[in-house]
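First the structure, in the form of structure tokens, and then the observations on it.
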Amino acid sequence: MALEEKTREFKFTRDDFNFLRNLSKEHSGIQVPDGKFDMFYSRLSKRIRVLGFTNFKDYCRYLNDHPEQEFTEFINAITTNLTSFFRENHHFDYLRDHVIPEILVRNKHTRQIKVWSAGCSTGEEPYSIAMTLLENVPADWTIRILATDLDTNVLHIAAQGIYAIDRVQGISETRLKQWFMRDKAVNPVRVKVKPQLQRLIRFNQLNLMEDWPMRGQFDFIFCRNVLIYFDRETKALLAKKYAKLLADKAWLFIGHSESLHQLSSEFGLVGNTIYKKLI
């Protein structure tokens, strides 16, 4: 039985799916393979219920006619946001042992560090970066972290900095006491990051396929598990744009299943999915 012929609450055809994934590719650059048919149905059915439609064809028509109202909701629904504190911990070890010592020498006159977390999801990555920096950088240095994502829902969660207790179970007790607050009387199953972390980070929505308002130079960029969504041409374009925003001999951290091999001549591999700008 074809996927679209399954008994469903809402009729969802292959034409509907192709329209929606082409829209995703056109506006966000996100590639959607055939295997995401059921995922699209599951996630977008919620929007169809909210809007009162009875099938996906009506939703496609609405999305086409009202992009200003609906496109953000559409992207929020289909994007996957899997993250955790200190995910791929070897990156943070490298940041501590190699990147920060070099920056402390390189930027000794400005005493400033500028970082971008691209695809920050619900905030665990930029907060992990902030903890690592504050633990290893002198207190009189200025640290600025830009954290961006396409999904406005996850950005709202990130800016609040409130997490279920199971989200921080992998963090050491020392770090929990230093960087998180917990009010057992009010909410015993949640923690909140402390203000000294939050004030380092600015959370903004950004579509990587549109103009980037930032002006370099970043000392390092985390862009992990983002490139996997794009085709080869788009990956190469993004690598070139990242290079322009990085200071000379600065670092780009990418995801565990990603590579810049044969995509960019502007970076050299210096660690496990860690690249350094060559010029």
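The values are calculated or read from the model by the stated rules, or taken from the named source; none is laboratory data. The structure presented is a predicted model; accordingly, all values stated were derived computationally and were not measured. Positions of Cβ are generated from backbone atoms using ideal geometry, with glycine treated the same way; all protein chains shown enter the neighbour counts. Calculation scope for accessible area: heavy atoms of the full protein, side chains included, ligands and nucleic acids excluded. Shrake-Rupley method; radii C 1.70, N 1.55, O 1.52, S 1.80 Å.
The relative contact order of the chain, computed from alpha carbon pairs under 8 Å that lie at least 6 residues apart in sequence, is 16 percent. What GluC sites (Glu not before Pro) does the range 183-279 have in DSSP loop regions with at most 12 other beta carbons within 10 Å? Passing sites in the range 183-279 are 210.
For the range 188-279, what is the per residue volume of the convex hull drawn over the alpha-carbon atoms, in cubic angstrom? Per-residue hull volume (Cα only) is 147 Å³.
The GluC sites (Glu not before Pro) of the range 40-74 include none that meets both conditions, a loop assignment by DSSP and at most 14 other Cβ atoms within 10 Å of the site Cβ.
Here the chain exposes an accessible surface that is 49 percent carbon and sulfur, computed with a 1.4 Å probe and the other protein chains kept in place. In terms of the mean number of neighbouring beta-carbon atoms within 10 Å, the peptides 38-47, 83-92 order highest first as 83-92, 38-47.
Note on residue 202 and residue 58: the model spin-label points, each 7 Å out from Cα along the C-beta direction, lie 4.3 nm apart. Dipole orientation for the range 173-279: of the candidates 220, 269, 279, 220 has the Cα lying most toward the positive pole (charges on Cβ; Lys, Arg +1; Asp, Glu -1). Surface exposure of the range 199-261, expressed per residue as accessible area with a 1.4 Å probe, stands at 49 Å². Taking the Cα centre of the range 90-200 as origin and assigning +1 to Lys and Arg Cβ atoms and -1 to Asp and Glu Cβ atoms, the resulting dipole is close to 420 debye. Here r is the Cβ-Cβ distance between residue 192 and residue 214 and R0 is 22 Å; the resulting FRET efficiency, rounded to 0.05, is 0.20. Which angle from 0 to 90°, rounded to the nearest 10, does the C-alpha axis of helix 124-136 make with the longest principal axis of the chain? On a 0 to 90 degree scale, this one is about 0. Candidates 141, 160, 180 compared by Cα position along the dipole of the chain: farthest toward the positive end lies 141, with charges placed on Cβ. Solvent-accessible area per residue in the range 1-96 equals 54 Å², computed with a 1.4 angstrom probe and all protein chains kept. Straight-line cross-link reach from residue 192 at under 19 Å between alpha-carbon atoms covers these aspartates and glutamates, not counting any fewer than eight positions away in the same chain: 124, 125, 135, 166, 173, 183. Where both bridge residues fall in the range 112-191, DSSP classifies roughly 20% of the beta bridges as antiparallel. The largest accessible area among 105, 193 belongs to the first residue in 105, 193, and the rest follow in falling order (1.4 Å probe, all chains).
Sparse packing (at most 11 other Cβ atoms within 10 Å of the Cβ) combined with a DSSP loop state is found for the following trypsin sites (Lys or Arg not before Pro) in the range 137-189: 184. Of the cross-linked pairs 114/244; 36/241; 241/277, which ones have a Cα-Cα span greater than 19 Å in the structure shown? Pairs exceeding 19 Å: 36/241.
Computed from Cα positions, the angle between helix 37-51 and the longest principal axis of the chain comes to roughly 80 degrees.
For the pair residue 8 and residue 172 in one chain, pulling the backbone fully straight at 0.36 nm per residue adds 54.5 nm over the alpha carbon distance.
Of all DSSP-defined beta bridges confined to the chain, some 35% are antiparallel rather than parallel. Compared with the dominant Cα axis of the chain, that is its longest principal axis, helix 56-65 is turned about 60°.
Across the range 248-263, rounded Karplus estimates of 3J(HN,Hα) from the backbone phi angles (6.51 cos²θ - 1.76 cosθ + 1.60, θ = phi - 60°) give 4, 6, 8, 10, 10, 9, 10, x, 5, 9, 10, 7, 9, 4, 6, 10 Hz, Gly and Pro being marked x.
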